[in-house]
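Each reported figure results from applying straightforward, stated rules to the coordinates on display, with no laboratory input. It should be emphasised that the depicted structure is a prediction, and the values quoted were computed from it without experimental measurement. Every residue, glycine among them, receives a Cβ derived from its backbone with ideal geometry; neighbour counts consider all protein chains shown.
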Amino acid sequence: MGFGHNLRDFRIVRRNFLKPEIRRMKRLIQRGAVSPFYRRKFKPIKKLRVPDLETFSRKIPPFTLEELVEEKTASGDPYSLRWCEKKSPLLAFQLEYDTEPRLYLPLDRLALKGYAEALTRCWSLLGLARGDRVAIFDYGTSPVTYLASGSYTPYLGRGAAEALACTPICNDGVSNMSQRAVEILKTIRPRIFFLRSDCLQPFIHQADAAALRCSDYIGALVVTESEGALSRMEQSTFEKKLGVPIYRMLRIDVAMFLAVECPHCRLLHTWRDLYFVENRQDADEEIVDGAVRSPLLITNWFALSCPTLRYLSQIRGSLKAPGCPHGPHDQRIAI
Amino acid sequence: MSSDGRRSPRFIDGKDFWSEARVAKFQFRKIKAILRHASLNLPFYQRRFKESGFDPAAVHTLHDFWRVPTFKKVEIIQEVRSKGYFDFAMEDAVRGGPAVLCMTSGTLGTTFLHLPRKWRSIRGDSLLRAYWWCGLRPGMRMLMAAPAWHSLAVPETRIIEKLGVACVIPWGTFLPRFSGNFISVLTDLKPDFVSMFLPMLHALVAELRRRHVAPATAFRSVKSLLLVGAPMTPRSREKLRDELGVSEIFEGLGNPEGLTAMECSFHCGHHIFMDGCYVEILDPKTGARLPPGQRGTVVITSLIPYGSIYIRYDTEDLGEILPGSCACGRSWPLMEVYDRRTNIVQVAGKEIVPYDVRLCVDAIPEMVGIPFALVRAAESRPYLKLVIQKLSADGSNGLENRLKNLIGEHLQLEAQIEWALELPERWKGVTVIEEKDWRAAHV
C-alpha cells in the first residue's frame, strides 16, 4: 500500500512539475501566433494542438538567423516581424551578428527581467556573491555587460550585480586596448573577470608583457562568445598559460540565451524555467569525446513580446542529464 | 516656463532660474555638507585637511573653503599605485546603495570612480533638464551611443527612464570601424534624438560620404543632436547642422568627476549645472582665482555627496567662465572649456590652443572642419607653426594668405603654414604635434 501511495504521489509531483512548462509553452505559442513571422511559420501546421513538449518539438518548425534576415529584407521591419506588441519596444539592441541587413533585438521590461535573471544565475553558479567585484571586458552592447546593472541599461531596474550585491566595472572589449584590461585587474582585483573571446590572445600578450600573475588578482576568467565557444583543448592551454581557471559562457543573443560553464562539473548550465533546449537530431551530428553533438535549438520562455520558438543556433552540443550538486535541477550542455 | 516658450515638465525643478544669491546659498550649503562628509568618512581628505591645517568645521564663507588645497589626477594615480587598490578612501562604498565602477580614460592617465545609485539619480535628474533643452520628449526614440562603460551612460539611463523615451543602441562602440552600425540604426530604427561623441559623428559622416550617401538622408528622422567629447566652433556647428539636416545641434561638456555644463537653445556657452558642481577658474601658476572672461585651469568640487568625491580637483582643462548672462534668463553662469592644458602652445608669450586656431580656420568657408595641427617647439617661438591638410592639388596660396591675415587679426600672431597631402595616420585627431616628431617624419 505504501508503495502504491508513493507512486501516486510521484505521479502528482511529476505532473505538477511539468505543468508550468506546459503552461509556458502554450502561452508562448499563443503570443507567437500574434506575430506575422510565426503566423507564417505556423500556417502549414494543420492542427496547432500542442499538449506536451514532445509534440512541441515535433510540430513547431525551427527558425534560423537567415530566415530573420530574409524576413527583414522582405518586410523592412527592423525586428523581422517577430515583435508582437502594438507599441514600440522600450529598448532595441543591434545584434552582433555580421548580417546584411543588420538585425535587432527588441526588449520590454519583462524580457529584460528574464534575461537579467539568466545572467544572475550564471554569476551565482560561478560563485559570485555579496561584496564581490566583477570586471567585464566586453562592449556595452553585449548582454554580458548590459544585463549586469540597472545603471547600465534603462528600464532594467535590477541587473545581476544588484541581485547579488556585487559591484561591476566594464570597459569596451576592444582587443587593442587590452592594457586597460590589465589595469582593471591590477587595480580592481575582481573575483571574476569576463572577457570577450577575441580579446583573450591580446590579453594574454599584455599580461605577459606586464609580468602579471593573474592568480594574484582574479579568481577565474570567463570567456564569452556569441554562438561559439573555446574548445576544451584551447581552454586548458589558456588555463595553463594564465594560471587561473577559465570558464566558458555561451551567448545566443537572438534568443536571449545565456549559459555558463559550471566550475564543478565543467558542463554548461541552463535553466528549465527560462529556456527549453533541444538537440536537432536529424542532421549535422558530430562526435566529440565520444558524445554525439548536434546544433542546439533554443526556446525562450520569458520573452513574450518577441518570442523565440525553436531557434536553430550555430552552436553544437549535447544535452546531459541534470544532477550537478551546484544546480541539481539545471539542464546541462556539453559543448 | 522656459524662455524658449516650452513648459518644463514637473519633474524638472526650477533651480536654473533661481536668483544668483539663492544659487550661491544653495551651493555653499552643499559644499559644507560635502566637507563634513569628507572629514568624517573619507580618509583621503582627512589626511589632506590635516596636512594643510584646514579645519572643515571652521568654514563660514567661501573664502574659508578656498583654502582647501587643490589636487590633480597624477596625485590620484600615485595614491592608487602606492596602495595597490583603486579605493583609497576618496569614496564611501556603503553610502548611496548599489554601485558600478567607472574607468576614466584620458590623456592624463586612468582613474576609477565609484558611482552608486543615488549618484545616478541626483546627477541624472539634474542632467535631464539639458536633454529637455535639447528637445528630448516623452515617447521619442533616442540613439544612445555609449552604453555601460562611459560615465555619461549612467545618468543617461536614468534620463531615458524618467522621460519614458524608447532607446536604440548600435552594436560596438564609438570607434570609426563601427560607424556602419550606427548608420544602420539611424536608417532602420529612425531615432528622433541622438546623443553622441563628436569624433564619432565625424567618422559617421566620413563613412556616409565614402558610401556616396548624403548625410541628411541617414539623419532624416533626427530632430536634434547632443554632442560631447570635443568643442565645436560656431561655423563648424552650422556646417554640420546644414549637412545633417537636423534642426538643432547642442553641445555638452563635463567630466565624471563632477562637472556638467550644457548649452541651451541660445548657444551662448555652456550653463554650469550649479546643483551638482562648484566651478572655479584658477591661474595655474599662482593658484589665484580668476574673474569671468579670463582663461585658467578649471577646478571643480562635486556637490553630490555619494560615490567618489572630488573637492577642489584641478581638471587641468583650460577654460573660462564667460562674462555676462545668457539671453535665456537662466542664472546658471556660462563657461567654455577649450582644451587640455597639455595642448597649450606658447607663441610670442601667448598661450594658444588648437581651438583658437580652429576659429580662424573655420572663418574661411572652404576650410571649415579641415584637419590641421599646431607644431610645438621645445621653447616658445615668435610665430605660430601650422600643418594643414591640403584641400586640392592646385595649391592653397589664396587661402594661406587669408588664414594668415585672420590669425594676425584675431590672435595678433604671425603664422607659418605648411600644407601636407594628408596628416599621417598616427596624428589623426591629434591637434598638437611636437616639432621633433614633425621633423623626424620628414627626414
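Computed quantities for the displayed model
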read-out: For B:ILE370, residues with placed amide H under 5 Å, excluding near neighbours; value: none
read-out: Cα→Cβ-extended label distance, 7 Å offset, between B:PHE26 and B:ALA206, nm; value: 4.2 nm
read-out: Residues B:PHE11, B:PHE17, A:PHE203, sorted so that the one with the fewest Cβ neighbours within 10 Å comes first; value: B:PHE11, B:PHE17, A:PHE203
read-out: Along principal axes, Cα extents of the stretch B:99-164, largest first, whole Å; value: 38, 24, 17
read-out: Choice from A:MET233, A:MET25, A:MET249 with maximal GNM fluctuation in chain A (Cα, 10 Å cutoff); value: A:MET233
read-out: Largest-first ellipsoid semi-axes for the protein assembly as shown, taking √(5λ) over the Cα gyration tensor eigenvalues, angstrom; value: 50, 31, 27
read-out: Calculated FRET efficiency for the pair A:LYS87/A:LYS46, C-beta based, R₀ 45 Å, to 0.05; value: 0.85
read-out: For A:LYS240, net neighbour charge (Lys/Arg +1, Asp/Glu -1) across residues whose Cβ lies under 14 Å away; value: 0
read-out: Sequence-separation-based contact order of chain A, relative, with Cα cut under 8 Å and 6+ spacing, percent; value: 15 percent
read-out: Percent breakdown of C-alpha pair distances by 10 Å bin, ordered from the shortest bin, for chain B; value: 4, 19, 29, 27, 16, 4, 0
read-out: Average projection area in nm² (convex hull over Cα atoms of the stretch B:214-352, one quarter of hull surface); value: 10.4 nm²
read-out: Between the stretch B:280-357 and the stretch B:100-120, the Cα center-to-center distance that results, in Å; value: 21 Å
read-out: Using alpha carbons only: equivalent-ellipsoid semi-axes of the stretch B:344-441, gyration tensor based, whole Å; value: 19, 18, 11
read-out: Cα-Cα separations in chain A greater than 39 Å, expressed as whole percent; value: 15 percent
read-out: Using alpha carbons only: equivalent-ellipsoid semi-axes of the stretch B:126-197, gyration tensor based, whole Å; value: 20, 14, 9
read-out: Fluctuation leader among A:GLU227, A:GLU117, A:GLU67 - chain A, Gaussian network, Cα springs under 10 angstrom; value: A:GLU67
read-out: Pairs from A:LYS87/B:LYS15; B:LYS285/B:LYS436; A:LYS241/B:LYS436 whose Cα-Cα separation, in the structure shown, is over 32 Å; value: A:LYS87/B:LYS15; A:LYS241/B:LYS436
read-out: Label zone at A:SER124 (point 7 Å along Cα-to-Cβ), backbone N below 17 Å, the stretch A:242-259; value: A:258-259
read-out: Residue among B:GLU336, B:GLU251, B:GLU79 with the largest mean-square fluctuation in a Gaussian network model of chain B, springs linking Cα atoms under 10 Å; value: B:GLU79
read-out: Calculated P(r) of the stretch B:134-256 - Cα pairs past 20 Å, %; value: 37 percent
read-out: Cut-off 12 Å between beta-carbons: net charge of the residues surrounding B:GLU257, Lys and Arg +1, Asp and Glu -1; value: 0
read-out: Ellipticity estimate at 222 nm from DSSP helix runs (n ≥ 4, -39,500 (n - 2.57)) divided over chain B, nearest 500; value: -10000 deg cm²/dmol
